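J.: Have a look at this one before I ask anything.
The values are calculated or read from the model by the stated rules, or taken from the named source; none is laboratory data. Keep in mind it's a predicted model, so treat the numbers as computed, not measured. Here the Cβ is made from the backbone with ideal geometry for all residues, glycine too, and neighbour counts use every protein chain on show. For accessibility, only protein heavy atoms count, side chains too; no ligands or nucleic acids. Shrake-Rupley method; radii C 1.70, N 1.55, O 1.52, S 1.80 Å.
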Amino acid sequence: MDVIATHVNADFDCLGSMIAAKRLYPDAVLVFPGGQERGLRDFLLQSTLYAYDVKGIRDIDLDEISRLILVDVRSASRIGHLADIVHRPGLEIHIYDHHPADEQVVRGRIENIQNVGATTTIMVELFQERGIAPTADEATMMMLGLYEDTGQLLFSGTTARDFQAAAFLLEHGANLKVVADFLIREMTPDQVDLLNELLKSCQKVMIGGIEVAIASASIDHYIGDISALVHKLKDIENLDALIVAVRMEDRIFMIARSRLAEVNVGEILREFGGGGHAFAASATVRDIPLVQLLRQLEDILPRHVNPVVFARDLMSQPVKTLKTTATIGAARKLMTRFDFNAVPVIDEQGGTLAGVITRQVVEKAAYHKLLKMPVGDLMNSDFETAAPETPLEDLQQGIIEHNQRCIPIMDKGALVGVVTRTDLLRHLLGERHYTDDAANIADRRVLQFKRKSLRRLIETQLPAYIRELLRKLGEVADQLGYKAYLVGGFVRDLLLRQENLDIDVVIEGDGIAYAKAFAAIMGCRIREHEKFHTAVIIFPDNFKIDVASARLEYYERPAALPNVEHASIRHDLYRRDFTINALTIALNRSNFGQMLDFFGGQRDIKDRSIRVLHNLSFIEDPTRLFRAVRFEKRLDFRVGRQTERLMRSAVRMKLVRKVGGARIMHELQQIFDEPQVVSALERLEQLDLLKFIDPHLTFDRSSAELLRAAEKACDWFDLLYTGEVYQRWLVYLLCLFDRLSEKGIERALAWLDIQPRYQEIMRVERSRGGALLKSFKPAKGSRKEPSNSRIYHWFYGFSLEAILYLMACSEHDRYRQWISKFVTDLRKVHPLLNGQDLIALGLPPGKKFQDIFRALLDARLNNRIVTREDELALVRRGYLS
């Protein structure tokens, strides 16, 4: 059975979307999983909706649902009893929604999630794509949903697509009189009284320079259509952000509206179990007094209201500068190395700020062959500066009205930072996102800066001891006056709800000094790496935290190891491999849990895409080619189109060969550690990356079968729980090199710089094992089983890695049974007697001892002897008579 459903307390957008979905899924049953808002209930009583045979949740058998179509919702917390089946195996889920995801997001096989004002707009666009014409009644019901969720197309979240959808519905007979009758209603006396109470209680609180209004009321009976009262209150008081809480009987109804990007009411009300958009949200709360709820609201608001931004919040630091005597050639090199468009110039005599030189001027001077001219002769000395406390509006004026590429930030006469046009754009346009990977990556980087509080996610997803550790990391940073950030896979996997407790911390300051201070407080030891400004904090239980100073890297040439310099967190993140790994979470107390997304990593996680941060990423570090494949397979993501184009370009340039083979081997080992090793190697083959290991190395269907057999062999051995350590990656490498010639293996081993003990396995044991397996073939038809001693001597001397490789290569179950018997029963069998025992029996030491021990071992393997006395008797009988 197909079911079309929406969220509890359904509104007109739910109805319009459900009616539209019925045209797309004509055999589906319409189901309301909970109650409806008053306006919708009134409409249902007066309309002809009975023709659609809409069901309640109690009217259907949940076990009979084979496909669930969710509209205007994708949170399990808002679909009532349907949440009980969303994880049921075999259930197919399709989702059409415009709400942001929350911690209980439902995943579907088909997901159509669009950033528009109403879900109805998404359905209209599907009608247009498929040439479906709604009836006049359908168009009217869809228009009701569109108008309600966009506030008659006046809400700040309304898009041009919503207007186009409204035009389409109007062209197909939508009755605006019906829409007006149900959406624009006179207030009842009870509503007038409630509005008056809300007006009297309305208080405005300032949070970081942002004004948020809070109104509340308590009544003993139910009054419907509170959302209309909230809009009236907002209009009467001219409020930009309003949160209303009304206690009715045993519940508190919360409704919030916002016109400000700094106040995301959807995130605020999710703290109370509700949901919605950044500009409109609602929640219903039970079993809590109104006064207590209001106190909770006051505690929650500072975590979700982004404060007024000052220059200190946007500026990049430390600042790269040029002296007035520096040449245009030196300026050009600096700007190219660090991707700067403007650089402050310092007077060489007094050390004061003298001007700003731009890339445009430098390039024009270079064009005219003026590379030796000093920058002091061409710099702009008429420029605006700002203080760290300068608000965003004044920065805008300096950059836009004075046409400056950057504004130097001065504190007590010293240059402490710069705010660039890029910094400003990241903040002002942070909510915009490109979805086309073919767009210029540098442009995407500019337009995707975003802040978001992850406090709730931290509280719900991480164990208590990790949460306490993160707070302690922030406290130590506060004591030292540093800024501390979580970075890397920890942040990515937290957003993906995947366990990852490998903590990497970046410090805006001296990372080694920070690690020493933290270790002294916590009783840890550290291992420092001065060259790279990094340290490892090692706890008594051997738990480790990696600490690094925020740094930027530049490459003198493609594929070279980078040079490292201190920088800001933005520069530190920009040097990373992919956008999904360039997210960071602040740890300082003032903004604990705030995620910074400079490069669109959150959107790429949502899109399940692997994208690089800039177009030279693979040229600067070709090992990222292998890393892209590893993350693609581990996360079940897909490399974006532009990123794959850049990968193939780097392959054509043969840059991998310029990298040390040991670094490529490290990447291969990490790929071999992934669960999806076969698909990863298939992807490497598809991208022509394996040929850099050896020109004749390929990975085809038979290679994949061998790898899968090796996986089974390794899994089998792991389940024996012997506690023995072996290198699974080496088993896989043996399989990967299975069809390479001896010369090919020599070339590959030499370049990959594999340790000598592993090279011995790859060369000698692989060759000996292959010859052994070939020797079994003549005995294939024989039914006689070899003796235990014979099996033992076949496989004795092989490493565990080679043994598991041979098990994978074995063509017959019989061979695998012999190997299994050797591993589980035979390989640790040995005689009980030793050399001293033989001497005590009167035997002189010599080569004869080897024959005796061999005879004892064979007899014990073949179960002819059991006890020590049996061994003594065998020696007396065979060697003393």
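J.: Among the numbered criteria (1) at pLDDT below 85; (2) in a helix (DSSP H, G or I), which single criterion is violated by Arg451?
T.: Exception for Arg451: condition (2).
Table: residues versus (1) more than 30 Å from Ile110 (Cβ to Cβ); (2) under 18 Å from the mean Cα position of the chain (by Cα); (3) crowded, with 23+ Cβ neighbours inside 10 Å.
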position	(1), (2), (3)
Gly600	no, yes, yes
Thr623	yes, no, no
Lys633	no, yes, no
Gln642	no, no, no
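J.: Based on what the data block shows, is Leu486 open to solvent by less than 50 Å² (accessible area, probe 1.4 Å), touching a residue at least 40 places away in the same chain (Cβ under 8 Å), closer than 28 Å to Gly275 by Cα and not acidic (Asp, Glu)?
T.: Values: open to solvent by less than 50 Å² (accessible area, probe 1.4 Å): yes; touching a residue at least 40 places away in the same chain (Cβ under 8 Å): yes; closer than 28 Å to Gly275 by Cα: yes; not acidic (Asp, Glu): yes.
Answer is yes for this residue.
J.: Where in region 718-767 are there helices (runs of 4 or more DSSP H), lying fully within it, with 3 or more residues that are closer than 23 Å to Trp794 by Cβ?
T.: On the way: elements: 728-736, 742-752, 756-760.
Fully inside region 718-767 and qualifying: 728-736, 756-760.
J.: Would you say Phe699 is touching a Leu at 6+ places or on another chain (Cβ under 8 Å), of a type in the set (Phe, Trp, Tyr), part of a loop (DSSP other than H, G, I, E, B) and free of Cβ contacts under 8 Å to residues at least 40 places away in the same chain? Talk me through it step by step, then tell me what you get.
T.: Values: touching a Leu at 6+ places or on another chain (Cβ under 8 Å): yes; of a type in the set (Phe, Trp, Tyr): yes; part of a loop (DSSP other than H, G, I, E, B): yes; free of Cβ contacts under 8 Å to residues at least 40 places away in the same chain: yes.
Criteria met by Phe699.
J.: Does region 274-306 hold any residues that are surrounded by fewer than 16 Cβ atoms within 10 Å (Cβ to Cβ) and under 28 Å from the mean Cα position of the chain (by Cα), and which are they?
T.: Pro302, the sole residue that qualifies.
J.: If a residue must be β-branched (Val, Ile, Thr) and open to solvent by 70 Å² or more (accessible area, probe 1.4 Å), how many such residues does region 210-236 contain? Walk me through it before giving the result.
T.: Kept after step one, since they are β-branched (Val, Ile, Thr), are these residues of region 210-236: 210, 212, 214, 219, 223, 226, 230, 236.
This time we only want the ones that are open to solvent by 70 Å² or more (accessible area, probe 1.4 Å), so: 236.
The total comes to 1.
J.: Return the only residue of Glu674, Glu685, Glu705 being charged (D, E, K, R), assigned to a helix (DSSP H, G or I) and open to solvent by less than 70 Å² (accessible area, probe 1.4 Å). Please lay out each step first, then the result.
T.: On the way: Glu674 fails: assigned to a helix (DSSP H, G or I); Glu705 fails: open to solvent by less than 70 Å² (accessible area, probe 1.4 Å).
Residue meeting the stated conditions: Glu685.
J.: For the list (1) open to solvent by less than 60 Å² (accessible area, probe 1.4 Å); (2) in contact (Cβ under 8 Å) with a residue 40 or more places away in the chain; (3) of a type in the set (D, E, K, R), I need the number of the one condition that Asp339 fails.
T.: (1)
J.: Considering every residue within region 711-718, establish whether at least one is modelled with pLDDT of 95 or more, of a type in the set (A, V, I, L, M) and surrounded by 15 or more Cβ atoms within 10 Å (Cβ to Cβ).
T.: Yes, the conditions are met somewhere in region 711-718.
J.: Show the residue pairs that are 6+ apart or on different chains and have beta-carbon atoms under 7 Å apart, the first residue being within region 502-513 and in contact (Cβ under 8 Å) with a residue 60 or more places away in the chain and over 16 Å from Phe490 (Cα atoms), the second being assigned to a loop (DSSP other than H, G, I, E, B) and open to solvent by 10 Å² or more (accessible area, probe 1.4 Å).
T.: Glu508/Tyr482
J.: In region 26-62, which residue that is open to solvent by 50 Å² or more (accessible area, probe 1.4 Å) and among the acidic types (Asp, Glu) is nearest to Leu229 (Cα to Cα)?
T.: Among those residues, the one meeting the criterion is Glu37.
J.: For residues that are open to solvent by less than 40 Å² (accessible area, probe 1.4 Å) and not aliphatic (A, V, I, L, M), scanning just region 392-412, find the one that is modelled with the highest pLDDT.
T.: My answer is Pro408.
J.: Of the residues Ala650, Ala662, Ala628, only one is part of a helix (DSSP H, G or I), surrounded by fewer than 18 Cβ atoms within 10 Å (Cβ to Cβ), out of contact with any Gly (no Cβ under 8 Å at 6 or more places or on another chain) and of a type in the set (A, V, I, L, M); which?
T.: Working: Ala650 fails: surrounded by fewer than 18 Cβ atoms within 10 Å (Cβ to Cβ); Ala628 fails: surrounded by fewer than 18 Cβ atoms within 10 Å (Cβ to Cβ).
Selected residue: Ala662, the only one of Ala650, Ala662, Ala628 that is part of a helix (DSSP H, G or I), surrounded by fewer than 18 Cβ atoms within 10 Å (Cβ to Cβ), out of contact with any Gly (no Cβ under 8 Å at 6 or more places or on another chain) and of a type in the set (A, V, I, L, M).
J.: State all residues of region 733-751 that are over 22 Å from Glu711 (Cβ atoms) and either hydroxyl-bearing (Ser, Thr, Tyr) or open to solvent by 10 Å² or more (accessible area, probe 1.4 Å) (or both); if no residue qualifies, say none.
T.: Ser741, Glu742, Lys743, Glu746, Arg747, Ala750, Trp751
Each row is one residue, and each column tells you yes or no for (1) at pLDDT 95 or above; (2) surrounded by 13 or more Cβ atoms within 10 Å (Cβ to Cβ); (3) within 19 Å of Gln602 (Cβ to Cβ).
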residue	(1), (2), (3)
Gly80	no, yes, no
Asp84	no, no, no
Gly90	no, no, no
His99	no, yes, yes
Gln104	no, yes, yes
Arg109	no, no, no
Thr121	yes, yes, no
Ile132	yes, yes, no
Met143	yes, yes, no
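J.: I've got another one for you. Can you tell me which residue in region 10-25 is farthest from Ser77 (Cα to Cα), limited to those that are open to solvent by 10 Å² or more (accessible area, probe 1.4 Å) and either among the basic types (Lys, Arg) or out of contact with any strand residue (DSSP E or B) (no Cβ under 9 Å at 6 or more places or on another chain) (or both)? If you could, list the steps in order and put the result at the bottom.
T.: First, pick out the residues of region 10-25 that are open to solvent by 10 Å² or more (accessible area, probe 1.4 Å): 11, 22-25.
If we keep only those that are either among the basic types (Lys, Arg) or out of contact with any strand residue (DSSP E or B) (no Cβ under 9 Å at 6 or more places or on another chain) (or both) too, we end up with 22-23.
Numbers: Lys22: 24, Arg23: 27 Å.
Among residues in region 10-25 that are open to solvent by 10 Å² or more (accessible area, probe 1.4 Å) and either among the basic types (Lys, Arg) or out of contact with any strand residue (DSSP E or B) (no Cβ under 9 Å at 6 or more places or on another chain) (or both), the one farthest from Ser77 (Cα to Cα) is Arg23.
J.: Could you check Thr150 against (1) closer than 20 Å to Ile4 by Cα; (2) touching a residue at least 24 places away in the same chain (Cβ under 8 Å) and say which number it fails?
T.: The failed condition is (1).
J.: With aromatic (Phe, Trp, Tyr), open to solvent by less than 50 Å² (accessible area, probe 1.4 Å) and not in a loop (DSSP other than H, G, I, E, B) as the only criterion, which of Phe155, Phe163, Phe168 stands out? Give the steps one after another, and end with the answer.
T.: Details: Phe155 fails: not in a loop (DSSP other than H, G, I, E, B); Phe163 fails: open to solvent by less than 50 Å² (accessible area, probe 1.4 Å).
From the options Phe155, Phe163, Phe168, the qualifying one is Phe168.
J.: Take the residues in region 275-314 that are among the β-branched types (Val, Ile, Thr) and part of a helix (DSSP H, G or I); name whichever of them is nearest to Phe592 (Cα to Cα). Break it down stepwise before answering.
T.: Here is the first cut: in region 275-314, the ones among the β-branched types (Val, Ile, Thr) are 284-285, 288, 291, 300, 305, 308-309.
Of the ones still in play, those that are also part of a helix (DSSP H, G or I) are 291, 300.
Values: Val291: 27, Ile300: 13 Å.
By that ranking, first place goes to Ile300.
J.: How many of the residues in region 590-623 are more than 21 Å from Glu667 (Cβ to Cβ) and either among the hydrophobic types (A, V, I, L, M, F, W, C) or in contact with a Cys (Cβ under 8 Å, 6 or more places away or on another chain) (or both)?
T.: 6
J.: Another question, if that's okay. Filter region 817-872 for residues that are more than 28 Å from Tyr726 (Cβ to Cβ), assigned to a helix (DSSP H, G or I), open to solvent by 40 Å² or more (accessible area, probe 1.4 Å) and free of Cβ contacts under 8 Å to residues at least 24 places away in the same chain and give the result.
T.: Gln836, Ile839, Ala840, Gln850, Asp851, Glu869, Asp870
J.: Taking region 13-46, which residues are among the acidic types (Asp, Glu) and assigned to a helix (DSSP H, G or I)?
T.: The initial filter retains those residues of region 13-46 that are among the acidic types (Asp, Glu), namely 13, 27, 37, 42.
Across region 13-46, the qualifying residues are Asp13, Asp42.
J.: From Met248, Met206, which residue is under 28 Å from Gln104 (Cβ atoms) and surrounded by fewer than 20 Cβ atoms within 10 Å (Cβ to Cβ)?
T.: Details: Met206 fails: under 28 Å from Gln104 (Cβ atoms).
After ruling out the rest, the residue left standing is Met248.
J.: When you scan region 496-529, how many residues do you find that are in a helix (DSSP H, G or I) and in contact with a strand residue (DSSP E or B) (Cβ under 7 Å, 6 or more places away or on another chain)? Quick ask: steps written out before the conclusion?
T.: First, the residues of region 496-529 that are in a helix (DSSP H, G or I): 511-522.
Filter once more, keeping what is in contact with a strand residue (DSSP E or B) (Cβ under 7 Å, 6 or more places away or on another chain): 511-512, 514-516, 518-519.
The total comes to 7.
J.: Taking region 342-365, which residues are buried (at least 16 other Cβ atoms within 10 Å of the Cβ) and not β-branched (Val, Ile, Thr)? I'd like the intermediate steps shown before the answer.
T.: Taking region 342-365 first, the residues buried (at least 16 other Cβ atoms within 10 Å of the Cβ) are 342-346, 353-359, 361-362, 365.
Matches in region 342-365: Ala342, Pro344, Leu353, Ala354, Gly355, Arg359, Ala365.
J.: Turning to a different aspect of this structure: Kindly indicate which of Asp53, Asp59, Asp84 is in contact (Cβ under 8 Å) with a residue 12 or more places away in the chain and closer than 18 Å to Met141 by Cβ. Spell out how you get there, then give the answer.
T.: On the way: Asp59 fails: closer than 18 Å to Met141 by Cβ; Asp84 fails: closer than 18 Å to Met141 by Cβ.
Answer to the selection: Asp53.
J.: Restricting attention to region 254-271, which residues are buried (at least 21 other Cβ atoms within 10 Å of the Cβ) and of a type outside the set (D, E, K, R)?
T.: Residues satisfying the conditions are Met254, Ile255, Ala256, Ser258, Val263, Asn264, Val265, Gly266, Ile268, Leu269.
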